[in-house]
1. With (1) open to solvent by 50 Å² or more (accessible area, probe 1.4 Å); (2) within 19 Å of the chain's Cα centre (by Cα) as the list, and D241 as the residue in question, which single condition is left unmet?
2. Within the bounds of region 255-266, is there any residue that is surrounded by 17 or more Cβ atoms within 10 Å (Cβ to Cβ) and within 16 Å of the chain's Cα centre (by Cα)?
3. I need every pair where a residue in region 193-213 that is on the phi > 0 side of the Ramachandran plot has its Cβ under 7 Å from the Cβ of a residue that is in a helix (DSSP H, G or I) and more than 6 Å from the ligand (Cβ to nearest atom), sequence separation at least 6 or different chains.
4. Please state which one of G48, G24 is open to solvent by less than 30 Å² (accessible area, probe 1.4 Å) and within 30 Å of V101 (Cα to Cα).
5. From the residues in region 44-64 that are within 21 Å of R14 (Cβ to Cβ) and in a helix (DSSP H, G or I), which one is nearest to the ligand (Cβ to nearest atom)?
6. Do you know which residues across region 205-216 are near the ligand (Cβ under 6 Å from one of its atoms), assigned to a loop (DSSP other than H, G, I, E, B) and either open to solvent by less than 10 Å² (accessible area, probe 1.4 Å) or not small (G, A, S) (or both)?
7. Search region 1-15 for residues being under 18 Å from L179 (Cβ atoms) and among the polar types (S, T, N, Q), and hand back the single one that is surrounded by the most Cβ atoms within 10 Å (Cβ to Cβ).
8. With the structure loaded, tell me whether D135 is closer than 21 Å to A330 by Cα and at pLDDT 95 or above or whether it fails that test.
Amino acid sequence: MTTHTRPLGTTGPRVSALGLGCMGMSALYGEADRGEAIATVHAALDAGVTLLDTGDFYGMGHNEMLIGEALRTAPAALRERAQLSVKFGALRDPDGGWGGVDGRPAAVKNFVAYSLQRLGVDHIDVYRIARADPDVPIEETVGAIAELVEKGHVRHIGLSEVGADTVRRAAATAPITDLQIEYSLISRAVEEQILPTTRELGISLTAYGVLSRGLISGHFTAERRLAADDWRAHSPRFQGDNLRHNLDLVEALRKVAADKGVSVAQIAIAWVLSRGEDIVPLVGARTRERLTESLGALDVTLDAADLAAIEQAVPQGAAAGDRYPAPQMAHLGTRE
Ligand SMILES: NC(=O)c1ccc[n+]([C@@H]2O[C@H](COP(=O)([O-])OP(=O)(O)OC[C@H]3O[C@@H](n4cnc5c(N)ncnc54)[C@H](OP(=O)(O)O)[C@@H]3O)[C@@H](O)[C@H]2O)c1
């Protein structure tokens, strides 16, 4: 069992140093096995992973219901360990389409009421809008969550994929524990403006995509056929020449990992862990096998020579292709 923990900002709780991102158990990465997904949540809690991340729009409620079932069927001692981080705001349709974002205060209250029911809990540990609503000032959305904190429905307020200015405005409205944003060896744009800002304000990062959605996990191959509804089938980094270039980077990283006697995924996660105590990587494991591999990263210590070898294998800015398809890039905290 892991006892590694990290603080979630200066105002939040301590959480496990690795969080479990549950999105792929319901949506966006093709079919997942429900029984194995629930077993993975149980195994994570058993291993000391307390932070579980979800969104009400992952599978239109499916992911929250799955987590709710995992919590109901877990032994009480494990259930009580769970710290739930929930995103809201993204609008869906019955065919799975996306319809923008809603951050109006009335919508925030509506979203949380449904999430509490689906999760089967009386409070959410960290609540955040998935993308800032361009039509609603962030102060109004964060202010609405602050009211939920006062009433006890939510414990803490987080942010997701917003830029440094929005982080400042949100933090001036209410205490913010963490910003959830993509950060990996091949997505390092947060280092420029966002990390200095969150550090100044005492806000942590919960880093997603630390394996770049599997691309730099060491398990992804150019031959893998992705279903049409797999988000990666439309992601620039997974296309043609970009994919071949990016997998060459993975092969360079594989040599560094082999010299250290660890796997590619472990060295990629360990690199994010090494960026600071204020960074909590969310790993998207949806099987126990992948979870076990990810947890191994907690025991990998990278010294200066290791970090230099990693940097040489995957220099900053080395990835080919943007991290999101063009229309989605406009709504992100960093445009790289
Ligand atoms: N705030 C946001 O905008 C945002 C956006 C995206 C995600 N998130 C959150 O962050 C979480 C993590 O993101 P992600 O799922 O894209 O991250 P990730 O960990 O970079 O990618 C997960 C994928 O990598 C593959 N993989 C291979 N080896 C693995 C290993 N040892 N451990 C884990 N995965 C391995 C898995 O694919 P196979 O199962 O096919 O092997 C898995 O689907 C999500 O679950 C979600 O909660 C937030």
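1. (2)
2. yes
3. That search, which allows pairs on different chains as well, returns S212/R237; R213/R232.
4. The match here is G24.
5. Looking at residues that are within 21 Å of R14 (Cβ to Cβ) and in a helix (DSSP H, G or I), I get A44.
6. Within region 205-216, V210, L211 meet the criteria.
7. T11
8. Considered against the rule, which asks whether it is closer than 21 Å to A330 by Cα and at pLDDT 95 or above, D135 comes out as yes.
The values are calculated or read from the model by the stated rules, or taken from the named source; none is laboratory data. This structure is a prediction, so every number in the text was calculated from the model and none was measured. Every residue, glycine as well, gets a Cβ built from its backbone with ideal geometry; the counts of neighbours run over all protein chains shown. Areas reflect the complete protein model, heavy atoms only, side chains present, ligands, DNA and RNA absent. Shrake-Rupley method; radii C 1.70, N 1.55, O 1.52, S 1.80 Å.
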